[in-house]
Amino acid sequence: MRLRAEFTTEPFEGEGDPPAHAAVARDALRESGLEPEFGPLGTAISGERAVLLPALSAVLERTLDAGADRITLQVSIDDTPPGRLRFHVHPLTSAIQPLLSRIGASTVPVEERRSDDVLLYWDGVPAVAVRMPNEELTSALDRLIAQVETELGAGLADLSRADKQRAVRLLEERGAFTLRKSVESVAKKLGVSRFTVYNYLNRERS
């Protein structure tokens, strides 16, 4: 059985050479014939259970002896086929995803960033780049509409009558109709009249 282990050792020391407790963890794994994915935010390693578990025991002992005051370890069954890359979502990406969804932005790998992307750092190290929405999605109302369309799985004009009412309710809950000319814009997107949108709103507010 193959296992996958991911761990961090603390305290973190920011930029520069890795702290002694991180370096001895890497060395312990290499001495066991394993090649870890060693990075500034933690270490990951895959291997056969019979090899990996004793190696992790050595890691725990050596890192504590080298000054680590906290070790966070996660072990799981590694179902990645041999020779295939394994991808991980950075914790910062997960943390900001609700915000990105709200504003219509997206993340891109650091190495693929453009000059106008926003680069975010984690413990002083570039972690992820944020790409802002296209120009046609820059208005607050357009962003709210795009978000609702994503949630409902179709453009406003393609929704059923019931889902159009639901879309209006979602937009109302998010303050869309406090924006200038919002009723006209939403009606156009829905393919209905302003009167119909007002009816939907009155029904929700009553």
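Which of the residues that make up the range 136-189 are among the hydroxyl-bearing types (Ser, Thr, Tyr) and either free of Cβ contacts under 8 Å to residues at least 24 places away in the same chain or surrounded by fewer than 17 Cβ atoms within 10 Å (Cβ to Cβ) (or both)? Within the range 136-189, THR138, SER139, THR150, SER160, THR178 meet the criteria.
Mind checking which helices (runs of 4 or more DSSP H) fall wholly inside the range 161-206 and carry at least 3 residues that are assigned by TED's automatic domain parsing to the domain that holds GLN147, closer than 12 Å to ILE145 by Cβ and not β-branched (Val, Ile, Thr)? Step through it out loud before you land on a result.
Details: elements: 161-173, 182-190, 194-205.
Those helices (runs of 4 or more DSSP H) span 161-173, 182-190.
If you take the residues in the range 45-70 that are of a type in the set (Gly, Ala, Ser) and more than 12 Å from THR9 (Cα to Cα), which one is nearest to the chain's Cα centre (by Cα)? Among them, the one singled out is SER46.
For the range 190-203, give me each residue that is of a type in the set (Phe, Trp, Tyr) and free of Cβ contacts under 8 Å to residues at least 12 places away in the same chain.
PHE195
The values are calculated or read from the model by the stated rules, or taken from the named source; none is laboratory data. The structure presented is a predicted model; accordingly, all values stated were derived computationally and were not measured. For neighbour counting, all protein chains shown are included, and Cβ atoms are generated from backbone atoms with ideal geometry for every residue, glycine included.
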